[in-house]
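Inspection log for the structure reproduced underneath, given as structure tokens.
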């Protein structure tokens with residue numbers, strides 16, 4: 001297996017783990033929000049989308065062929081955009097109260113970008129042609 005696919009799989013695992021770690025803390029209400037547990041807010045559960053797409057992207061990294069690679073490109077781009085949306089949504093200040101941001105929120109976004117970049121550099125067993 002190529003190094004970039006291994007890096008992509010590791011990035012997907014980091015996105016999976018970060019969905020269950022604390023993303024923000026609201027001190028005034030004593031609330032801790034993760035990607036899958038947002039009780040007491042209107043955030044929804046965006047971590048479930050992260051988990052679903054990370055699992056599908058991980059499966060597509062293992063498969064060979066053109067079509068899985070193309071689907072993986074779209075899904076990895078969507079995961080990167082979704083985690084960026086989560087970063088903006090969870091880290092914003094509301095009514096003068098800013099939450100304490102935790103590292104898992106940022107790490108999830110960086111790992112999703114890493115998965116997207118590794119999809120971009122996957123060559124699917126093709127070698128570069130030399131021009132003489």
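Between the helical axis of 46-62 and the longest alpha-carbon principal axis of the chain there is an angle of about 10 degrees. Secondary-structure-derived ellipticity at 222 nm for the chain, considering helices only, amounts to -20000 deg cm²/dmol, per-run term -39500 (n - 2.57) for DSSP H runs with n ≥ 4. R0 = 41 Å: FRET efficiency of residue 39 with residue 123, Cβ-based, nearest 0.05? E(calc), rounded to 0.05, equals 0.40.
The modelled label-to-label distance between residue 26 and residue 71, using points 7 Å beyond Cα along the C-beta direction, is 3.8 nm. What do you get for the angle between helix 103-120 and the principal long axis of the chain? Use alpha-carbon atoms, 0 to 90 degrees, nearest ten. The angle comes out at about 20 degrees. Normalised by 2.2 N^0.38 Å, with N the number of residues, the alpha-carbon radius of gyration of the chain equals 1.22. Relative to the longest principal axis of the Cα atoms of the chain, helix 3-18 runs at roughly 20 degrees.
Between residue 84 and residue 113, the distance separating the two model label sites (each 7 Å from Cα on the Cα→Cβ line) works out to 0.9 nm.
The three principal axes of the Cα atoms in region 7-71 give end-to-end lengths of 51, 21, 11 Å, sorted in falling order.
Which one of 43, 53, 116 has the biggest mean-square fluctuation once the chain is modelled by GNM with Cα springs under 10 Å? Judging by the Gaussian network model, the answer is 43.
Every read-out reported here was derived from the displayed coordinates using simple, explicitly stated rules and does not represent laboratory data. All values derive from a computational prediction rather than experimental measurement. Using ideal geometry, Cβ is built from the backbone for each residue, glycine included, and neighbour counts are taken over all protein chains shown.
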